[in-house]
1. Which helices of the chain meet both criteria: a Cα extent of 20 Å or more along the helical axis and a mean Kyte-Doolittle score no lower than 0.0, with helices taken as whole DSSP H segments?
2. Using only the alpha carbons of the stretch 14-117, what is the convex hull's orientation-averaged projected area in square nanometres?
3. How large, in Å, is the chain by the Kirkwood hydrodynamic radius built from its alpha-carbon pairs?
4. Suppose all protein chains stay in the model; what accessible area per residue would a 1.4 Å probe give for the stretch 10-68, in Å²?
5. With a 1.4 Å probe and all protein chains left in place, how much of the accessible area of the chain comes from carbon and sulfur atoms, in whole percent?
6. What order do HIS292, HIS108, HIS154 take when sorted by accessible area (1.4 Å probe), most exposed first?
7. What order, most packed first, do the peptides 268-280, 109-121 have when packing is the mean number of other Cβ atoms within 10 Å of each residue?
8. Mind checking the per residue accessible area of the stretch 86-139 for me, 1.4 Å probe, whole number of Å²?
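The values are calculated or read from the model by the stated rules, or taken from the named source; none is laboratory data. These numbers were taken from a predicted model, which means no experiment stands behind them. Because the Cβ atoms are built from the backbone with ideal geometry, glycine has one as well, and the counts that use them run over all protein chains shown. Remember, those area values only see protein heavy atoms, side chains included, never the ligands or the DNA or RNA. Shrake-Rupley method; radii C 1.70, N 1.55, O 1.52, S 1.80 Å.
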Amino acid sequence: MDNLPRFTAAAVQVAPVYLDPAATVDKAVALIEEAARNGASLVVLPEAFVPGYPYWNWTMNPVQGSPWFERLYRASIDVPGPHVDTLCAAARRHNVVVVIGVNERGPHSLGVLYNTLLTIGADGQLLGVHRKLVPTWAEKLTWTGGDGSSLRVHDTPIGPLGVLACGENTNTLARFTLLAQGELVHAAGYIALPVAPEDYDMADAIAVRTAAHSFEGKVFSVVACSTISPEIVDTVAGDDEEVRRMLARPRSALSGVFGPDGRPVTEPLVDDEGIVYAEIDLTKCIQPKQMHDIVGHYNRFDVFQLHVDNTPRSPVTFTADPMREPAAHHCPPPTDGTDTTKETDA
């Protein structure tokens, strides 16, 4: 820890090519290249970016939305898989750490989709596959919750990196789990959310949550939020003017970089598409920790204890390998005295 990294982070605020995984991955690759060309060593892209967010959960009843679940399932990706390989190759080619949100198909069931954040190292290795622990509100109609096995901080060239998706950044215990593992750089993926109640300002909500984590943990946070393109509006709303009006609500997205004092390092981007760049110097995390280190001297671990079950969960557990060939079984000899031996020529 003598030489804490100093680097440029890029928070990407764009819309996907809606429900088109190949085109969205190509767009992500182009954005990674652009950010790297501008000096970024960390590129964070939005939650559920590949191939987009299920807005119909908020605008339709469950019966109307069911065919859309199938459409999203078919457009989602496998992890590992060819789309992930393409993203890993881009990270390796440009020598950048990448965090990107995807819709991940469950390997065991046609009814399982995960809201997943991929963490990819600068060498192109897939470091982490974090499945959002609890889908938020209407998202439960689409996504299955993950487990504690992915609440991990990764050792990367830009420092100890942890990730959470959207509303998870409101979960104090999930955030503490990352901080207690030495997190110094936090990546948060979000989606533009104009479909919540009208008095809910998503831009403010993102800023408050990001500032809280940065200030409480004395860490840097890079937050990337998607936007809603005219293509998304046309696809989801069609001729429904009320839904079109809802999807056009302002202050639905915010992206940027926040420092260990809880303040933005540079001006965040609200609603508009673009990339926010900011310099991160991890040495700036040291002095604030002297005042409040909630994973060190400013806690009482004899009073408070957090137990995290990080066991990977599976729908079935076998006591033996189900793929192993069973041992050969021989029929027992008859009990009626019949001689079943076959004569052979001497």
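1. Once both thresholds are applied, what remains is 21-37, 202-217.
2. 6.4 nm²
3. 21.6 Å
4. That works out to 31 Å² per residue.
5. 53 percent
6. HIS108, HIS292, HIS154
7. Ranking, from highest mean packing down: 109-121, 268-280.
8. With the other protein chains kept in place, the stretch 86-139 gives 36 Å² per residue.
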